[in-house]
Amino acid sequence: MEKQTIQPFLTVANYHLIKQQADKILKTLATTKDKNVILAVRGIVRSDVIDSFVLSDEQVKLVEPLIHIKDRTEGEAFLEQLKAYVIPFKAMEPSKLKSLFKKEKKLKLPDLDDIDFQEISYLTWDDSGKQRKYMVIEENGKYKALKGTFKHQTTKGICALCNCHSDVVRLTTSVKGQVSGTFTNHYSYICADSQLCNQHVTDMEKVKAFFERVTN
Ligand SMILES: [Zn+2]
């Protein structure tokens, strides 16, 4: 019988959640020999991943080895294999990016060749000189974009995108008010290091909610 090919089914955020859970199991194995504790952690991972994702039987078979990981080598091999099933961030052309920020004169574009689209839940880049930050997400085939300003100074705080405690910068975004000529500012704290932040995004809904909040 011909082997059925399974299409990519994990979002980048799903993949990072699985990675985080694999780490949780490995850390438990490194710190305890108590079989009941290990079993309990494996059970939690099962419910946080397999039971919370909507997966077909074939997809479960691909994700399930996560629960039974015994060491780091096995964990890394599992994650490497699973990467084939990650839906990358929809690759973009520079012209598409420009069209998302039409009003921006002299828009500084990121080097798209440098970006690993399999590793990002959202696309972001800075124009450091102007202290501007640009962000793009994709939802149901459509792109949403926002522009903000930030100060280089970092503080410790909770990031609005990945929900982790990290070095954050304050992002100011402004939206047009009801009365013409008026603006409402939104202030948010987000990770200063967006590459690291993307690694920590395990729930895309939080990122979408952030976009919704600061652009309305
Ligand atoms: Zn973050």
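Please treat every number below as a calculation from the coordinates, not as lab data. Because the structure is predicted, anything quoted here is derived from the model rather than measured. All Cβ positions, even for glycine, are placed from backbone atoms using ideal geometry, and neighbour counts span all protein chains on display.
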Chain lengthening between R213 and T154 when straightened (0.36 nm per residue, less Cα-Cα): 19.0 nm
Simple Cβ-charge dipole of the chain, Lys/Arg +1 and Asp/Glu -1, about Cα centre, in debye nearest 20: 1100
In nm, spacing of pseudo-spin labels at K144 and T172 (7 Å Cα→C-beta vector): 2.4
Spatial separation of Cα centroids for the range 41-71 and the range 94-111, in angstrom: 40
Simple spin-label estimate for H165 and S56 in nanometres, 7 Å along Cα-Cβ: 4.3
Prolate/oblate/rounded label for the range 94-215 (Cα gyration tensor, a/c 1.5): rounded
Linear extension gain, E74 paired with K24, 0.36 nm per residue minus alpha-carbon span: 16.6 nm
Pairwise centroid distance, computed over Cα atoms, of the range 135-158 with the range 176-216, Å: 5
Where labels lie 7 Å past Cα in the beta-carbon direction, separation of D113 and A91 in nm: 1.3
Cα-Cα over 28 Å, subset of K19/K206; K103/K156; K98/K151; K19/K106; K24/K147; K24/K133: K103/K156; K19/K106; K24/K147; K24/K133
